[in-house]
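> One structure is given below, represented as structure tokens, and several questions about it will come after.
The values are calculated or read from the model by the stated rules, or taken from the named source; none is laboratory data. Bear in mind that the values here come from a model prediction, so they are computed numbers and not experimental data. So basically every Cβ, Gly included, is an ideal-geometry build from the backbone, and we count neighbours across all protein chains shown. The area values use the complete protein model at the heavy-atom level, side chains included, leaving out ligands, DNA and RNA. Shrake-Rupley method; radii C 1.70, N 1.55, O 1.52, S 1.80 Å.
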Amino acid sequence: MSGRRLTQLPSNIRTLLRQCEGLIDVGLARNVGVRPQRLAELERAGLLVRMADGVYASAAAVARSEGWQLHELSARAFAISSNVDALLTGWSAVTVWQLPTLGRPPERPVVVRPKRRGRGPKQSAYGRILTHRVPPEHHSQTRRVRLVSQEWAAATIALTTDIPAALVVADAVVRQGLDIGDATRFMSRWPGVTRARWVAQNADPLSESPIETLGRFGVIAGGLPMPVSNAWVGADEPEFRLDGLWPYHFAAHEADGAGKYNNRPDAAAIVAKEKEREWRLRRLGLDIVRYDFGMAAFRRDEMIRRFGRLLRDNPPRSVPIRWWKHVPGVGPVDPGPADWPSPHPTSIILPPDWWRDGR
């Protein structure tokens, strides 16, 4: 390298980083004519950061990253640097699959390798290595890395983490038509498998966002009647979709995400549209309760009390409100007998250790 101090990444390195989603490894670099020594030089110049053995990212990109975004970058780097039989698993697989996350990320990425003689769990400066069998049907690959399937990732985090966070991931997985229960059948003797089965059984493919999942979890935790997720209502035809509907109570809950209103030039128009929508819903005879993410995630008892008051103020009627089931990709359809919720308190029982954060 010449004595001139490097102040920015060469254009060929910037192009490689852009094409490879922010990560360059020595093997890939060598294939396109970039010597491994060149990457080391750029690291010493403070322009690249070593994310795992032989894997580098832009120092500027790393400086801009934090939390789950940084964990996702570290996880992909660790997977690239690992042996060919290693798969990202748990939260590391969740974030690379770009599934929703709650709470803080693990301290290090985690991969799993088949258990063999002389091979056991270990840690390095860049990640943890676990050893157990993952059935071939739950091996996958995306974004240049090997990892477990979405179903397997959802099941493994449910073994140890708190149920609300695990349910957020599970809802996103089953919404794609995937079966988490298929993964749990291979875990019959694993510690925590009862929790994973509970999550698999209670995941809702009609729940479309973490805040909706947390609202539904509050209903379960509070022992309240279960609502229908994303049901349609209207005077003569489906007009409005509600986050949660109690048909017999003529009651609904609606989640308010801050992104709906914050920092938008059309915020006033959105608020006006929401007020018109709510007026028309009340004309149908619906009573509505609202909650936000802070309440759902951090003030669950307050949300449960709010839901409970709404239902007490609106006892179940003999004839329910007219509603339609939402089918993703199709839209509103008439509900079948199995789609109707009971107007009575749920009989779903939480696992006794539902609040455990194993990250």
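> Spot the failing condition for ARG312; the list is (1) in contact (Cβ under 8 Å) with a residue 12 or more places away in the chain; (2) open to solvent by 50 Å² or more (accessible area, probe 1.4 Å), and only one is missed.
Of everything listed in (1) in contact (Cβ under 8 Å) with a residue 12 or more places away in the chain; (2) open to solvent by 50 Å² or more (accessible area, probe 1.4 Å), ARG312 misses just condition (1).
> Any residue at all in the stretch 307-320 that is at pLDDT 95 or above, among the basic types (Lys, Arg) and under 20 Å from SER207 (Cα atoms)?
The first filter runs over the stretch 307-320 and keeps only residues at pLDDT 95 or above, leaving 307-320.
Narrowing the set further to residues that are among the basic types (Lys, Arg) leaves 309, 312, 317.
In the following step, the residues that additionally are under 20 Å from SER207 (Cα atoms) were identified as none.
No, there is no match, as no residue in the stretch 307-320 is at pLDDT 95 or above, among the basic types (Lys, Arg) and under 20 Å from SER207 (Cα atoms).
> Quick one: which residue in LEU42, LEU48, LEU17 is outside the structural domain of VAL168 (by the TED database), modelled with pLDDT of 95 or more, surrounded by 24 or more Cβ atoms within 10 Å (Cβ to Cβ) and more than 30 Å from PRO136 (Cα to Cα)?
LEU48
> Taking the condition out of contact with any Phe, Trp or Tyr (no Cβ under 9 Å at 6 or more places or on another chain) and in the same structural domain as HIS139 (by the TED database), does ARG185 pass?
yes
One line per residue, one yes/no per condition, for (1) within 19 Å of ALA158 (Cβ to Cβ); (2) out of contact with any strand residue (DSSP E or B) (no Cβ under 9 Å at 6 or more places or on another chain); (3) modelled with pLDDT of 95 or more; (4) surrounded by 15 or more Cβ atoms within 10 Å (Cβ to Cβ):
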site: THR184; (1), (2), (3), (4): yes, yes, yes, yes
site: GLN201; (1), (2), (3), (4): yes, yes, yes, no
site: GLY223; (1), (2), (3), (4): no, yes, yes, no
site: VAL228; (1), (2), (3), (4): no, no, yes, yes
site: PRO238; (1), (2), (3), (4): no, no, yes, yes
site: LEU242; (1), (2), (3), (4): no, no, yes, yes
site: LEU245; (1), (2), (3), (4): no, no, yes, yes
site: ALA251; (1), (2), (3), (4): no, no, yes, yes
site: GLU278; (1), (2), (3), (4): no, no, no, yes
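> Could you give me the residue pairs with C-beta distances under 6 Å whose first residue belongs to the stretch 176-188 and is farther than 14 Å from HIS132 by Cα, whose second residue is polar (S, T, N, Q) wherever it lies, and which are 6+ apart or on separate chains?
LEU178/GLN150
> If you don't mind, there's one more thing I want to ask. Please verify whether VAL84 is open to solvent by less than 80 Å² (accessible area, probe 1.4 Å) and either among the β-branched types (Val, Ile, Thr) or modelled with pLDDT under 95 (or both), treating the condition exactly as stated.
no
> Another one. Just to check your reading of the model, which residue among ARG104, ARG119 is more than 17 Å from ALA172 (Cβ to Cβ), touching a residue at least 60 places away in the same chain (Cβ under 8 Å) and surrounded by fewer than 24 Cβ atoms within 10 Å (Cβ to Cβ)?
The match here is ARG104.
> What do you reckon, is ARG195 open to solvent by less than 20 Å² (accessible area, probe 1.4 Å), outside the structural domain of GLY308 (by the TED database) and either basic (Lys, Arg) or part of a loop (DSSP other than H, G, I, E, B) (or both)?
It is true that ARG195 is open to solvent by less than 20 Å² (accessible area, probe 1.4 Å), outside the structural domain of GLY308 (by the TED database) and either basic (Lys, Arg) or part of a loop (DSSP other than H, G, I, E, B) (or both).
> Scanning the stretch 132-146 for residues that are among the polar types (S, T, N, Q) and surrounded by 14 or more Cβ atoms within 10 Å (Cβ to Cβ), which turns out nearest to ARG185 (Cα to Cα)?
SER140
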